[in-house]
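K.L.:
Before anything else, here's the structure in question.
The values are calculated or read from the model by the stated rules, or taken from the named source; none is laboratory data. The structure displayed is predicted, hence computed values, not measured ones. Backbone-built Cβ (ideal geometry, glycine too); neighbour counts: all protein chains shown.
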Amino acid sequence: MHIEVLKNLFETHKESHLYHRYITTAHIQPLFKKLKSKMTIETIGLSVLKKPVYGIKVGNGTKKILMWSQMHGNESTTTKALFDLLNTLSEDLESTQAILSACSLYMIPILNPDGAEVYTRVNANNIDLNRDAQALSQPESKILRQVFNEFKPDFCYNLHGQRSIFSVGKTNHPATVSFLAPAQDEKCTVTTNRKIAMEVIGVINDTLQRMIPNQLGVYDDAFNLNCVGDTFQSENVPTILFEAEHFKNDNRYMVLMLLERCHTFHCLSRNDHKMD
């Protein structure tokens, strides 16, 4: 998809009601009304404090992509990006219909509603959900695991936010967006599915380097099976960690790369081609 087309889609469909860093369940619930005729929106479980966790399904293609945001309650940039993306996909456009015919997307826009309510990383039991992938001690962790088991994704997008203190390597360039294809063993082996995740990052990088050159970072890939990304990667599902910095229009870049990635799936499906 041409970069100018991506920009135009964003400008036309940006969700204007989500505009600050404090994004909670109460902010996203009113937005479901305009989306529910185009996609399936369901309550998939309850948080520690009995707040609903929502799942949104759209598309009917063979490439299944699972995305979740605000696993850490104080990382809301990617939640805003998901609703920009949902607005775009709800329109009956040739470009969006191509995506939806190639992909089935399942999104969990706020996995940690209790943390979002008080703007904290952890949930109401003071547990970091991104370190609970093996113990599954928290209801929110179990919700994500259940969706993973039932949806059986071909790809997982673990959407986060990062502090603005990070730079790209040893340069003075801010890391506006950072990526990681998590390791799946102690040796950080580049396995087949991890290589696929790296190739996905490569496609996204090619797009974003034309927009925010020298502002893309890479996270440390030290293995920790307690992390969700490492767990899903270890189960042979290509998984990508996204980190978006607080930067003007940073959710724009997140939306653009998600759209670009989905469009690439469409092209791969159309050409009956697989990345390997």
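K.L.:
ALA133 is checked against (1) of a type outside the set (Ser, Thr, Tyr); (2) farther than 25 Å from SER47 by Cα; (3) in contact (Cβ under 8 Å) with a residue 60 or more places away in the chain and fails just one. What number does that condition carry?
P.N.:
(2)
K.L.:
Looking only at the range 121-142, decide whether some residue is over 16 Å from LYS50 (Cα atoms), exposed (fewer than 15 other Cβ atoms within 10 Å of the Cβ) and of a type in the set (Gly, Ala, Ser).
P.N.:
So far as the range 121-142 goes, yes, one or more of its residues are over 16 Å from LYS50 (Cα atoms), exposed (fewer than 15 other Cβ atoms within 10 Å of the Cβ) and of a type in the set (Gly, Ala, Ser).
K.L.:
If you check LEU241, LEU256, which single one turns out to be modelled with pLDDT under 80 and closer than 21 Å to LYS80 by Cα?
P.N.:
LEU256
K.L.:
Just one of the numbered conditions (1) out of contact with any strand residue (DSSP E or B) (no Cβ under 7 Å at 6 or more places or on another chain); (2) surrounded by fewer than 19 Cβ atoms within 10 Å (Cβ to Cβ); (3) modelled with pLDDT under 95 is not true of ASN60; which one?
P.N.:
Answer for ASN60: the failing condition is (1).
K.L.:
Quick one: which of LEU159, LEU225, LEU144 is assigned to a loop (DSSP other than H, G, I, E, B) and on the phi < 0 side of the Ramachandran plot? Even if it seems obvious, please write down each step before you answer.
P.N.:
Values: LEU159 fails: assigned to a loop (DSSP other than H, G, I, E, B); LEU144 fails: assigned to a loop (DSSP other than H, G, I, E, B).
Result: LEU225 is the single residue among LEU159, LEU225, LEU144 that is assigned to a loop (DSSP other than H, G, I, E, B) and on the phi < 0 side of the Ramachandran plot.
K.L.:
For the range 1-34, what are the residues that are buried (at least 17 other Cβ atoms within 10 Å of the Cβ) and at pLDDT 95 or above? Before the answer, list the steps.
P.N.:
First pass over the range 1-34, keeping only residues buried (at least 17 other Cβ atoms within 10 Å of the Cβ): 1, 6, 9-10, 13-15, 18, 23-25, 27-28, 31.
Within the range 1-34, ILE23, THR24, THR25, HIS27, ILE28, LEU31 meet the criteria.
K.L.:
If the Cβ limit is 6 Å and pairs must be 6+ apart or interchain, which residue in the range 143-164 that is more than 24 Å from PHE265 (Cα to Cα) pairs with which residue that is modelled with pLDDT of 95 or more and of a type in the set (Gly, Ala, Ser)?
P.N.:
ILE143/GLY45
K.L.:
Note down all Cβ pairs under 8 Å where the first residue falls in the range 7-32 and is of a type in the set (Lys, Arg), the second is assigned to a loop (DSSP other than H, G, I, E, B) and surrounded by 14 or more Cβ atoms within 10 Å (Cβ to Cβ), and they're at least six residues apart or on different chains.
P.N.:
ARG21/ASN74; ARG21/SER76; ARG21/TYR119; ARG21/HIS246
K.L.:
Within the range 181-197, count every residue that is in a loop (DSSP other than H, G, I, E, B) and touching a strand residue (DSSP E or B) at 6+ places or on another chain (Cβ under 7 Å). Working first, answer last.
P.N.:
We begin by selecting, within the range 181-197, every residue in a loop (DSSP other than H, G, I, E, B); these are 181-191.
Still in the running and touching a strand residue (DSSP E or B) at 6+ places or on another chain (Cβ under 7 Å): 181-182.
Total meeting the criteria: 2.
K.L.:
State all residues of the range 98-119 that are farther than 13 Å from SER47 by Cβ and touching a helix residue (DSSP H, G or I) at 6+ places or on another chain (Cβ under 9 Å); if no residue qualifies, say none. Write out each step before concluding.
P.N.:
At the first step, the residues of the range 98-119 found to be farther than 13 Å from SER47 by Cβ are 98-107, 109, 119.
Those that are farther than 13 Å from SER47 by Cβ and touching a helix residue (DSSP H, G or I) at 6+ places or on another chain (Cβ under 9 Å): ALA98, ILE99, LEU100, SER101, ALA102, CYS103, SER104, LEU105, TYR106, MET107, PRO109.
K.L.:
A further question follows. For residues in the range 195-245 being charged (D, E, K, R) and surrounded by fewer than 22 Cβ atoms within 10 Å (Cβ to Cβ), which is nearest to THR77 (Cα to Cα)?
P.N.:
If we filter the range 195-245 for residues that are charged (D, E, K, R), which is where we start, we get 195, 199, 206, 210, 220-221, 230, 235, 243, 245.
Now drop any that are not surrounded by fewer than 22 Cβ atoms within 10 Å (Cβ to Cβ), which leaves 195, 199, 206, 210, 220-221, 235, 245.
Numbers: LYS195: 27, GLU199: 24, ASP206: 22, ARG210: 21, ASP220: 21, ASP221: 23, GLU235: 28, GLU245: 8 Å.
Among residues in the range 195-245 that are charged (D, E, K, R) and surrounded by fewer than 22 Cβ atoms within 10 Å (Cβ to Cβ), the one nearest to THR77 (Cα to Cα) is GLU245.
K.L.:
On to the next question. If you go through the range 97-111 one residue at a time, do you hit one that is part of a loop (DSSP other than H, G, I, E, B), without any contact (Cβ under 8 Å) to a residue 24 or more places away in the chain and over 19 Å from the mean Cα position of the chain (by Cα)? Talk me through it step by step, then tell me what you get.
P.N.:
Quick first cut of the range 97-111, residues part of a loop (DSSP other than H, G, I, E, B) only: 109-111.
Next, only the ones that are without any contact (Cβ under 8 Å) to a residue 24 or more places away in the chain stay: none.
No, the range 97-111 contains no residue that is part of a loop (DSSP other than H, G, I, E, B), without any contact (Cβ under 8 Å) to a residue 24 or more places away in the chain and over 19 Å from the mean Cα position of the chain (by Cα).
K.L.:
Quickly run through the range 35-47 and pick out the residues that are farther than 28 Å from LEU93 by Cα, of a type in the set (A, V, I, L, M) and surrounded by 17 or more Cβ atoms within 10 Å (Cβ to Cβ).
P.N.:
ILE44
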